[in-house]
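Report on the following structure.
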Amino acid sequence: MGSLEAPTTTENGSTATPAGNGKSLATDGTARVPPPEMTSEKPPDSDSSKRRRSSVLPLEVGTRVMCRWRDGKYHPVKVIERRKVSSSDPNDYEYYVHYTEFNRRLDEWVKLEQLDLESVEAVVDEKVEEKGATGLKMTRHQKRKIDETHVEGHEELDAASLREHEEFTKVKNIATIELGRYEIETWYFSPFPPEYNDCLKLYFCEFCLNFMKRKEQLQRHMRKCDLKHPPGDEIYRSGTLSMFEVDGKKNKVYGQNLCYLAKLFLDHKTLYYDVDLFLFYVLCECDDRGCHMVGYFSKEKHSEESYNLACILTLPPYQRKGYGKFLIAFSYELSKKEGKVGTPERPLSDLGLLSYRGYWTRVLLDILKKHKGNISIKELSDMTAIKAEDILTTLQSLELIQYRKGQHVICADPKVLDRHLKAAGRGGLEVDVSKLIWTPYKEQS
């Protein structure tokens with residue numbers, strides 16, 4: 001599952017930052033100003049600070065220290081990696097840091113002058129073992145990583161797999177991309193082919209998604225590229241919005257390039273090459289220059305677990321416009337056309353979970369508010385194509401369901417429904433089902 005609503009970007013010629021105006025990102029994708037206790041002003045250098053500097057440099061991987069972020073204030077970080085800077089000073093390094101109170105998408109390379117060396121903490125020996133009540137030994141590091149798993153969206157990984165994943169993907173390899181008229185800061189590592197390892201910026205054709213190392217290569221490509229929209233069938237057009245269905249088997253290179261691109265913004269996405277088994281639904285804004293991708297979701301052609309969505313992403317320049325909610329709603333409209341109930345593939349990312357909870361809440365409460373008389377969870381599932389388990393957990397989280405005499409009973413007080421609907425916020429763009437021209441996928445013989 002992928003990310004839906006989060007940081008901002010800017011058009012070409014300026015830098016796209018995860019959060020502007022001196023704000024940082026919480027794990028739910030919203031911008032927030034750090035509380036005063038998280039900040040400090042760096043004191044001027046003194047003899048003692050110079051001695052301190054010489055004794056702690058170069059910083060070891062694992063060191064915790066305060067770092068000046070782009071808001072001009074200091075935040076706690078952990079050193080993830082370091083690299084030597086070309087200079088005569090043997091202690092001159094740049095450091096790749098993780099802001100410990102925020103999501104990994106904000107990890108970045110920083111210069112030594114951004115670090116407050118007076119705040120350096122000794123490297124914690126993360127191999128210190130703790131013995132739990134079960135008698136099983138677990139390192140402090142493993143315990144913390146397991147605790148973080150739920151937040152970071154890695155519920156399917158055990159401690160060893162999680163460590164391997166984070167070691168392999170710990171440093172972003174591509175810093176920015178250019179896609180159409182936007183330059184976008186990336187959030188995570190993506191396993192591009194080895195020949196792109198030395199590239200900090202990649203240039204994407206926004207129509208076929210081929211990527212290049214240099215702007216000149218992209219310009220030459222654009223003069224030859226015949227595509228003005230994603231390859232595949234247009235199955236929805238309403239105003240300037242269009243949806244294309246792309247078969248991963250028929251358009252393998254496009255599907256793989258889309259996965260490379262998406263991985264830059266999805267921490268836990270692991271499918272990069274095997275796209276034959278998937279359909280990609282690419283949402284576009286259309287104008288006289290063509291159809292410009294704003295986001296997508298993928299879906300298995302055949303899912304035994306009733307998954308109606310595998311990965312979902314709204315590109316950062318188009319976030320907070322309701323497109324994420326639109327993509328979720330669209331996936332359920334396809335399930336209705338198939339005559340099936342659906343659910344998103346797990347694990348859900350932090351932002352994905354928030355968006356789905358919001359969608360389920362709005363859809364279910366709208367029905368409960370209008371419905372007269374009793375209604376069962378199965379009836380709600382039949383009406384919405386939402387899986388019964390998702391309905392149950394949503395209503396339980398809203399405290400709208402009770403267990404009486406061996407069965408679940410929905411308790412829908414109108415005032416309580418109104419309060420929850422208000423808290424759920426607006427529903428975003430609506431899918432005009434009359435504009436959807438689509439038949440369920442069938443394997444061609």
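Restricting attention to the range 341-416, which GluC sites (Glu not before Pro) occupy a DSSP loop and are surrounded by at most 11 other Cβ atoms within 10 Å?
Working: sites: E345, E379, E389, E399; in loops: E345, E399.
Here the GluC sites (Glu not before Pro) that fit, given the DSSP loop and packing criteria, are E399.
Report, please, the projected area of the range 60-121 averaged over directions, based on the convex hull of its C-alpha atoms, in nm².
Values: hull surface 17.0 nm².
The directionally averaged projection comes out at 4.2 nm².
Expressed as a whole percentage, what fraction of the accessible surface of the range 349-431 belongs to carbon and sulfur atoms when a 1.4 Å probe is rolled over the protein heavy atoms? Don't skip to the answer; put the middle values down first.
On the way: 2560 of 4980 Å².
Looking at the range 349-431 in its full context, I get 51 percent from C and S.
Quick query: amide H of G295 versus all other amide H atoms, modeled in the peptide plane; which residues come in under 5 Å with a sequence gap of 5 or more or a different chain?
Long-range HN contacts for G295: L283, L315.
What does the charge count near G239 come to, summing +1 for each Lys or Arg and -1 for each Asp or Glu among other residues with Cβ under 13 Å from its Cβ? Display every interim value, and only then the final one.
Details: positive: R237, K435; negative: E285, D287, E430, D432.
Around G239, the surrounding residues sum to -2.
Kirkwood-based Rg over Rh for the range 364-445 (C-alpha set), two decimals?
Numbers: Rg = 16.0 Å, Rh = 14.9 Å.
Reported Rg/Rh (Cα atoms, Kirkwood Rh): 1.07.
Arranged from highest to lowest average of other beta-carbon atoms within 10 Å per residue, in what order do the peptides 93-106, 74-87 appear?
Working: 93-106: 19.9, 74-87: 16.2.
Packing proxy ranking, top to bottom: 93-106, 74-87.
In debye, nearest 20, what is the charge dipole magnitude of the range 349-431 about its Cα centre with +1 on Lys and Arg Cβ and -1 on Asp and Glu Cβ, if you could check? All intermediate terms of the calculation are to be shown ahead of the outcome.
Values: 13 positive and 10 negative charges, 61 e Å.
In total the dipole reaches around 300 debye.
Mind checking the range 262-371 for chymotrypsin sites (Phe, Trp or Tyr not before Pro) that DSSP puts in a loop (not H, G, I, E or B) and that have at most 13 other Cβ atoms within 10 Å?
Values: sites: F265, Y272, Y273, F278, F280, Y281, Y296, F297, Y307, Y318, Y323, F326, F330, Y332, Y356, Y359, W360; in loops: F265, Y272, Y273.
Here the sparse-neighbourhood loop sites are Y273.
Roughly how many Å² is the accessible area per residue of the range 206-320, as a whole number, for a 1.4 Å probe? Mind dumping the intermediate values first?
Numbers: 4760 Å² over 115 residues.
Ligands and nucleic acids excluded, the result is 41 Å² per residue.
Can you pick out the pairs among K301/K442; K228/K442; K170/K263 whose Cα atoms lie more than 20 Å from each other?
Working: K301/K442 8 Å; K228/K442 27 Å; K170/K263 13 Å.
Flagged as over cut-off: K228/K442.
Work out from phi, with θ = phi - 60° and the Karplus expression 6.51 cos²θ - 1.76 cosθ + 1.60, the ³J(HN,Hα) of each residue of the range 386-400, listed in order in whole Hz, and give x for Gly and Pro.
Going residue by residue, I get 7, 4, 4, 4, 5, 5, 4, 5, 5, 5, 5, 5, 8, 6, 10 Hz, with x marking Gly and Pro.
I'd like the trypsin sites (Lys or Arg not before Pro) in the range 374-414 restricted to DSSP loop residues with at most 14 other Cβ atoms within 10 Å, sorted by number. Kindly include the intermediate steps, with their values, before the conclusion.
On the way: sites: K378, K387, R404, K405; in loops: K387, K405.
Sparse-neighbourhood loop trypsin sites (Lys or Arg not before Pro): K405.
The values are calculated or read from the model by the stated rules, or taken from the named source; none is laboratory data. Every value quoted in this text rests on a predicted model; they were computed, and no experiment measured them. Positions of Cβ are backbone-derived with ideal geometry, glycine not excepted, and every protein chain shown enters the neighbour counts. With ligands, DNA and RNA removed, areas are computed over all heavy atoms of the protein, side chains included. Shrake-Rupley method; radii C 1.70, N 1.55, O 1.52, S 1.80 Å.
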